[in-house]
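*Asks:* Starting off with a structure, shown below.
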Amino acid sequence: MTGRLTGRVALISGAASGMGASHARAFIEEGASVMIGDIAEDAAARVAAELGTQAASVRLDVTRLEEWEAAVAATVARFGALNVLVNNAGILDGGPLGTYTEKQWDTIISINLTGPFLGMTAARDALVAARPASIVNISSAAGIQGVPGVHGYTASKFGLRGLSKSAALELAPHGVRVNSVHPGGILTPMLGAPQDAIVDRAANPLARLGSPAEVTPMVVFLASEESSYCNGAEFVVDGGMTAGRA
């Protein structure tokens, strides 16, 4: 299928690299206009330039409501509407209880959980105005099951899963759907792994990490009206990690 997102306008956070950049490229290929939001302004501008006139970039620190508000305003000013929000920006860290610091906890919660909350807060009215609209929150397999030594990340991703459900219930009458995507281990810069690496991964039955391109089709589906009856749900793309031990 082609043109699955024709006429749609998306704002994607953390879209200068990794999964966010993959999502942005696919959105453009499927006919959408995309605002690349990222704190890495130069990298975001390069991705936007690569994608052509249907893309633009904006600085976006997801922990600051005023930057979210500016990003939403810039998207509407450039493309005339906003009907897809992808909360993709996130960080990963770890450490056992007793050594994992309060500062680490506060930082990861502010980016991974408060960031999407602020994004939905800032985008709510624009999404309602452009309905039917869709919010796609990128959680994690760590939002489905616990991960020892990764407490802040796990808490933030479980929290985002719950936030997606409460927002879905609230926004459904206004024509806005909200769903969460739960990738397993994906080869992105966040993992510190080269994009073309071949890595065995005993944590899932496929015994490998995934690629951003294996997550992106799910995000495209949820952004499109093909998923018009999907709301408040989890969509897992993890190679079977959360199914149990092979």
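The values are calculated or read from the model by the stated rules, or taken from the named source; none is laboratory data. Everything quoted here is computed from the prediction, not taken from an experiment. Heads up, the Cβs are rebuilt from the backbone with ideal geometry, glycines too, and the neighbour counts pull from every protein chain shown.
*Asks:* Answer yes or no as to whether residue 62 is among the hydrophobic types (A, V, I, L, M, F, W, C), under 27 Å from residue 129 (Cα atoms) and in a loop (DSSP other than H, G, I, E, B).
*Replies:* Taking the combined requirement at face value, the residue satisfies it.
*Asks:* Let me ask another. Would you point out the residue of the range 125-150, among those that are of a type outside the set (A, V, I, L, M, F, W, C) and touching a Leu at 6+ places or on another chain (Cβ under 7 Å), that is farthest from residue 107 (Cα to Cα)?
*Replies:* Within the range 125-150, the subset of a type outside the set (A, V, I, L, M, F, W, C) is 125, 131-132, 134, 137, 139-140, 143, 145-146, 148-149.
If we keep only those that are touching a Leu at 6+ places or on another chain (Cβ under 7 Å) as well, we get 134, 137, 139, 143.
Details: 134: 27, 137: 19, 139: 16, 143: 18 Å.
The extreme case among them is 134.
*Asks:* Let me ask you something else. Do you know which of the residues in the range 38-87 that are basic (Lys, Arg) and farther than 22 Å from residue 117 by Cβ is surrounded by the fewest Cβ atoms within 10 Å (Cβ to Cβ)?
*Replies:* As a first pass, look at the range 38-87 and keep what is basic (Lys, Arg): 46, 59, 64, 78.
Keeping just the survivors that are farther than 22 Å from residue 117 by Cβ gives 46, 78.
Values: 46: 16, 78: 13.
It comes out as 78.
*Asks:* Another question about this same structure. Select, from 45, 24, 49, 16, the only residue that is in contact with a helix residue (DSSP H, G or I) (Cβ under 8 Å, 6 or more places away or on another chain), of a type outside the set (S, T, N, Q) and in a helix (DSSP H, G or I).
*Replies:* 24
*Asks:* Right, something else. I need the full set of residues from the range 41-68 which are farther than 18 Å from residue 82 by Cα and in contact with a Lys or Arg (Cβ under 9 Å, 6 or more places away or on another chain), in order please. Can you show your working first?
*Replies:* Filtering the range 41-68 for residues farther than 18 Å from residue 82 by Cα gives 41-47, 49-52, 61, 63-64.
Answer for the range 41-68, where residues must be farther than 18 Å from residue 82 by Cα and in contact with a Lys or Arg (Cβ under 9 Å, 6 or more places away or on another chain): 41, 44, 47, 50, 51.
*Asks:* Something else about it: Check residue 205 against each of (1) at pLDDT 90 or above; (2) out of contact with any helix residue (DSSP H, G or I) (no Cβ under 6 Å at 6 or more places or on another chain); (3) more than 20 Å from residue 23 (Cα to Cα) and name the one condition it does not meet.
*Replies:* The failed condition is (1).
*Asks:* Something else now. Can you pull out every residue in the range 121-152 that is surrounded by 22 or more Cβ atoms within 10 Å (Cβ to Cβ) and within 18 Å of residue 231 (Cβ to Cβ)?
*Replies:* Within the range 121-152, 123, 127, 133, 134, 135, 136, 137, 138, 139, 143 meet the criteria.
*Asks:* Here is a further query. Could you check, for the range 175-186, whether at least one of its residues is surrounded by fewer than 22 Cβ atoms within 10 Å (Cβ to Cβ), modelled with pLDDT under 95 and either among the aliphatic types (A, V, I, L, M) or within 20 Å of residue 90 (Cα to Cα) (or both)?
*Replies:* yes
*Asks:* For the range 222-241, which positions are in a helix (DSSP H, G or I) and surrounded by fewer than 17 Cβ atoms within 10 Å (Cβ to Cβ)?
*Replies:* Of everything in the range 222-241, those that are in a helix (DSSP H, G or I) and surrounded by fewer than 17 Cβ atoms within 10 Å (Cβ to Cβ) turn out to be 225, 226.
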